[in-house]
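> Input: one structure, supplied below.
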Amino acid sequence: MKPSNDSALNKFLKLESSGGIVLMLTATLAMIIANSPANSFYNLLLDTPVEVRIGQLEIAKPLLLWVNDGLMAVFFFLVGLELKRELVEGELSDPKNIVLPAIGAIGGMAVPALVYLYFNHDDPVSAAGWAIPAATDIAFALGVLSLLGSRVPISLKIFLTSLAIFDDIGAIVVIAIFYTSKVSLSALAFALLCIPVLFVLNCKRVSSRSPYLFIGLLMWVSMLKSGVHATLAGVILAVFIPMQAEDSSKPSPLKTWEHELHGLVAFLVLPVFAFANAGIDLRGVSSDVLFHDVPIGVALGLIVGKQVGIFGLCALAVLLKITKLPKDMNWGALYGVSALCGIGFTMSLFVGSLAFEETGVNLLFDERLGIIVGSLVSGAIGFIVLSVVLKAKASGDK
């Protein structure tokens, strides 16, 4: 069984790394277009109104929000599938493998948020973005890590992946609690009524996708109308996808969906999201904008907060003998990964759109600028540190 598990993990990491490279290319393309004469067409595309109407039910949003509320629900559905599999039978099913990345994730969310609030606590509008630098983009981070090739030990990849999973759990909780608009109780009640139906389907281990997709769509629409962010419907739906089919000879429904969705999310959903959200026009930007409290707070939260939070709390836990470093990991590698986690990109952009959408004030340029700068610097620091550390380790092993 062990070789097959290793093979599956390697395929997953390889796919995520490739997805990270595609993300980089699409984000770069968005930046090029946004700073060219084609910028007006780029904005026109994102502002294109898209409307779906069935009787009295109407969903009318610009294309950008269909991407952020619709396509990203598919991303969160995949995140939910991965979380369930990891907790049931993956790396996180063993309590010994949970402690260090869980502690790192707590530090990696709390300290960046505090760094951001240090610069923005006196402005209630800007303070709403406190969770922006708390996120980690696993696809981007693994994409950078893949550039180091075979020198990267598997324990380092597992630690980074596990930490990002806990980071995703934290992001889901933050979105559910802090980034919901005025709630429509009737729409929310209808969404909650979908859960018992999903529970029954799960208990009967129904393998057919049709009922899950139908109930999931109803729940997404209801949550969209309720004011609770619609992407959470993807996570809830994933929880009720059965690990085993009613017929034990058939493959796992959850693993089958997870396998099939990886390519769709890595090479379509996230690149489209990056293209739609990463394009910022830097022409004519003054120093006042560059050094505004929002981009400074986001950038330093990702660069300094992630390193201090993850490395600091993990080091403290190891020194207090609460846990220990994984095999083939040393302090230098831990610091390099901590810096790499400062690549917030996709999740930071998503949280930023929710934070400043709630305030009604357009600070999207400021937060995007901070995210791009913070992610680029963090990626560069993490890559350089790991290059030196892993090269030295490889030389010492010879």
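Just so it is clear, none of the values below were taken in a lab; they were calculated from the coordinates. Note that the structure is a prediction, hence the values are computed from the model and not measured. Here Cβ is always computed from backbone atoms with ideal geometry, including for glycine, and neighbour counts include all displayed protein chains.
> Mind checking the stretch 215-295 for chymotrypsin sites (Phe, Trp or Tyr not before Pro) that DSSP puts in a loop (not H, G, I, E or B) and that have at most 15 other Cβ atoms within 10 Å? Please list the in-between numbers first.
Details: sites: TRP220, PHE240, TRP257, PHE267, PHE273, PHE275, PHE291; in loops: PHE240, PHE291.
Of the chymotrypsin sites (Phe, Trp or Tyr not before Pro), the ones in loops of the stretch 215-295 whose Cβ has at most 15 other Cβ atoms within 10 Å are PHE291.
> Next question, about the same structure. Given a Förster radius of 41 Å and the C-beta distance between LEU44 and SER387 as r, what FRET efficiency does 1/(1 + (r/R0)^6) yield to the nearest 0.05? Present the calculation step by step, with values, prior to reporting the outcome.
Details: r = 42 Å, r/R0 = 1.03.
Step by step, r from the Cβ atoms, then E = 0.45.
> Evaluate the distance, in nm, between pseudo-label points positioned 7 Å from the Cα of LEU376 and of LEU193 along their respective Cα→Cβ axes.
According to this spin-label approximation, the distance is 5.1 nm.
> Could you tell me the center-to-center distance, by alpha carbons, between the stretch 202-228 and the stretch 233-288 in angstrom?
Spelled out, the Cα-based centre of one part sits 16 Å from the other.
> Take SER208, project a point 7 Å from its Cα along the Cβ direction, then tell me which residues of the stretch 186-202 have their backbone nitrogen under 14 Å from it.
Residues 201-202 qualify, since their backbone N sits under 14 Å from the label point.
> Over all distinct Cα pairs, what is the inverse of the mean 1/r for the stretch 190-232, reported as the Kirkwood hydrodynamic radius in Å?
Values: mean 1/r = 0.0938 Å⁻¹.
With all distinct Cα pairs of the stretch 190-232 included, I get 10.7 Å.
> Mind checking the stretch 180-268 for trypsin sites (Lys or Arg not before Pro) that DSSP puts in a loop (not H, G, I, E or B) and that have at most 16 other Cβ atoms within 10 Å? Provide the component values of the computation, followed by the final result.
Numbers: sites: LYS182, LYS204, ARG205, ARG209, LYS225, LYS255; in loops: LYS182, LYS204, ARG205.
Loop-located and lightly packed - LYS182, LYS204, ARG205.
> Right, another one. If you plug each phi of the stretch 97-109 into the Karplus form 6.51 cos²θ - 1.76 cosθ + 1.60 with θ = phi - 60°, what whole-Hz ³J(HN,Hα) values come out, in order, with x for Gly and Pro?
Karplus values, whole Hz, x for Gly and Pro: 8, 8, 4, 5, x, 5, 5, x, 5, 4, x, x, 9.
> With runs of 4+ DSSP H residues as the only contributors, calculate the mean residue ellipticity of the chain at 222 nm using -39,500 (n - 2.57) per run, divided by the residue total and rounded to the nearest 500. Don't skip to the answer; put the middle values down first.
Details: 19 runs with 271 residues, N = 398.
Dividing the helical sum by the residues of the chain leaves -22000 deg cm²/dmol.
> At a 10 Å Cβ-Cβ cut-off, how would you order ARG283, ARG85, fewest neighbours first? Intermediate values should be presented prior to the final figure.
Numbers: ARG283 8, ARG85 20.
Ordered by Cβ neighbours within 10 Å, fewest first: ARG283, ARG85.
> Most fluctuating residue of ILE59, ILE296, ILE236 in a GNM of the chain with Cα springs under 10 Å: which is it?
ILE59
> While we're here: Quick one: THR231, THR136, fewest Cβ neighbours within 10 Å first, how do they rank? Mind dumping the intermediate values first?
Numbers: THR231 26, THR136 34.
Listed from fewest to most nearby Cβ atoms, that is THR231, THR136.
> Can you figure out the FRET efficiency of SER249 with ALA110, using R₀ = 45 Å and their beta-carbon distance, to the nearest 0.05? Write out the running numbers ahead of the final one.
Details: r = 47 Å, r/R0 = 1.04.
In this case the efficiency is close to 0.45.
> Where in the stretch 184-262 are there GluC sites (Glu not before Pro) that are in a DSSP coil and have at most 15 other Cβ atoms within 10 angstrom of their Cβ?
Details: sites: GLU246, GLU258, GLU260; in loops: GLU246.
Within the stretch 184-262, the qualifying GluC sites (Glu not before Pro) (loop, at most 15 other Cβ atoms within 10 Å) are GLU246.
> Further question on the same structure: Rank these for me by crowding, ARG151, ARG53, going from fewest to most other beta carbons within 10 Å. Before the final figure, lay out the partial values.
Working: ARG151 13, ARG53 9.
Listing ARG151, ARG53 from fewest to most nearby Cβ atoms yields ARG53, ARG151.
> Additional query: Students often check this: by mean Cβ neighbours within 10 Å, which of 188-201, 335-348 ranks highest, and how do the rest follow? Let's see the in-between values first.
Details: 188-201: 15.7, 335-348: 28.4.
The packing order, highest mean first, is 335-348, 188-201.
> Using a simple spin-label model with points 7 Å from Cα along the Cα→Cβ vector, what separation in nm is obtained for ARG283 and LEU217?
That separation, rounded to one decimal, is 4.2 nm.
> Would you kindly state how much longer the chain becomes between SER155 and LYS327 on full extension, computed as 0.36 nm times their sequence separation minus their alpha carbon distance, in nm to one decimal?
Working: separation 172, 0.36 × 172 = 61.92 nm, distance 0.66 nm.
That pair, SER155 and LYS327, stretches by 61.3 nm at full extension.
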